[in-house]
1. Enumerate the pairs (first residue in segment 105-125 and within 20 Å of L248 (Cα to Cα); second residue anywhere and in a helix (DSSP H, G or I) and of a type in the set (S, T, N, Q)) with beta-carbon separation below 9 Å, excluding pairs fewer than 6 apart on the same chain, so at least 6 apart or on different chains.
2. Filter segment 289-316 for residues that are under 18 Å from C254 (Cβ atoms) and in a loop (DSSP other than H, G, I, E, B) and give the result.
3. Any residue that is over 11 Å from the mean Cα position of the chain (by Cα) and closer than 19 Å to I258 by Cβ - is there at least one of those in segment 107-130?
4. Given the structure, is F139 touching a Phe, Trp or Tyr at 6+ places or on another chain (Cβ under 7 Å), touching a residue at least 12 places away in the same chain (Cβ under 8 Å) and farther than 16 Å from P189 by Cα?
5. Look at segment 69-97 and say how many of its residues are farther than 20 Å from R143 by Cβ and surrounded by fewer than 17 Cβ atoms within 10 Å (Cβ to Cβ).
6. Of all residues in segment 41-60, which are surrounded by 15 or more Cβ atoms within 10 Å (Cβ to Cβ) and either hydrophobic (A, V, I, L, M, F, W, C) or touching a helix residue (DSSP H, G or I) at 6+ places or on another chain (Cβ under 7 Å) (or both)?
7. If we only count helices (runs of 4 or more DSSP H) wholly inside segment 35-139, which ones have 3 or more residues that are modelled with pLDDT under 95?
8. Just give me the residues in segment 112-139 being of a type in the set (D, E) and either surrounded by 24 or more Cβ atoms within 10 Å (Cβ to Cβ) or more than 25 Å from E75 (Cα to Cα) (or both), in sequence order.
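The values are calculated or read from the model by the stated rules, or taken from the named source; none is laboratory data. Because the structure is predicted, anything quoted here is derived from the model rather than measured. So basically every Cβ, Gly included, is an ideal-geometry build from the backbone, and we count neighbours across all protein chains shown.
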Amino acid sequence: MTAIPIVFIPGILSSQLYLPENGKKLWLSPSFLKNADRMAFSSPLDVKNNEVNQQTLPHTRREKGMLMREVFLIEKLCSAFPDRPVYYFSYDWRSCKNGAQKFAEFIAYLAGLGYETVDLVCHSMGGLVMSYYVSRRGFAHLRKIICLGVPFEGSPLMEKLAVTGDINAIPNAVAEVFGLTKEIVTAYPSAAVLLPTKEYLSVYPLYRKGTPVSTEEAEAVFEACMPEVFSAARTFQHAVHMRAYKALLENPDCYFGIGIGKDTAQTVSLEGGDKVKEYEGAAGDRDVPEYSATMCGRVEKTGFERFRKFDARHGELLRSAEPMTG
């Protein structure tokens, strides 16, 4: 086969999740209101239709994502490249690591169809899924990669969620409306992966009543908020830093779309109890600071031909950016 597939990997919350016993959609569906406890990480859930080429579907049946923002990108890819297969890779976004393992299985599936390589478009946490895959397997079966608003160094919004339980602190979330609790979310491995990294904290530290605290103290705060998953999340981040960053930065076929121009939290201050104060004013896309999306400034050293900045919010990058692969 000569046509190279294009695979989109969405961010957190943007893949539909299904009950394995009956195949019914759970995430953001009427059944969720009756089964919110099934969103706990201990409860197995499925995804569907990864193997479906979106080009073969009518517009009304193409994957739309959680808030239907992703459908714009899928439609754009399908229309711009009518002769190429387009896939929407859904994964259980409760765990980036598990998502990366499923992605490896999906790549093997495409290889079995005769596709030796694929092009990727990754949005938000989807870029972390891709990065972990690269940290383990390099660029096996991957050609071009486009990263849109990837929180490589985490997001201060996850600090806010961990401390306060404000579920709407999750980027693009509507979770609180559906009763997704702090206890459920803070037990997700993916939530802990979105905490600011040690390197980010060394420049933009956590504060306590207006006074910066050491990285060690911040680590203790995070671990107390997410005791079940914090250690594994730091291991995940370390693997990405040590084995994926250099590879992605040195790969001339890896590109970065970064949101700027929006009032973005730079860090937070613990004000006592469950109260925090957001220190805004950072460049970013409202959800992800520019400093995080650029791997602490590393991306900008790759040269202007490999990154673009857009005056867009996090979700708007799917519309504002032109993630076209040749």
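1. C122/S131; M125/S190
2. Result: T294, M295, C296, G297, R298, G303.
3. Yes, that holds for at least one residue.
4. Numbers: touching a Phe, Trp or Tyr at 6+ places or on another chain (Cβ under 7 Å): no; touching a residue at least 12 places away in the same chain (Cβ under 8 Å): yes; farther than 16 Å from P189 by Cα: yes.
Criteria not met by F139.
5. The total comes to 3.
6. Scanning segment 41-60 gives F41, L45, V47, N50, V52, Q54, Q55, L57.
7. 70-80
8. Filtering segment 112-139 down to residues of a type in the set (D, E) leaves 116, 119.
Of everything in segment 112-139, nothing turns out to be of a type in the set (D, E) and either surrounded by 24 or more Cβ atoms within 10 Å (Cβ to Cβ) or more than 25 Å from E75 (Cα to Cα) (or both).
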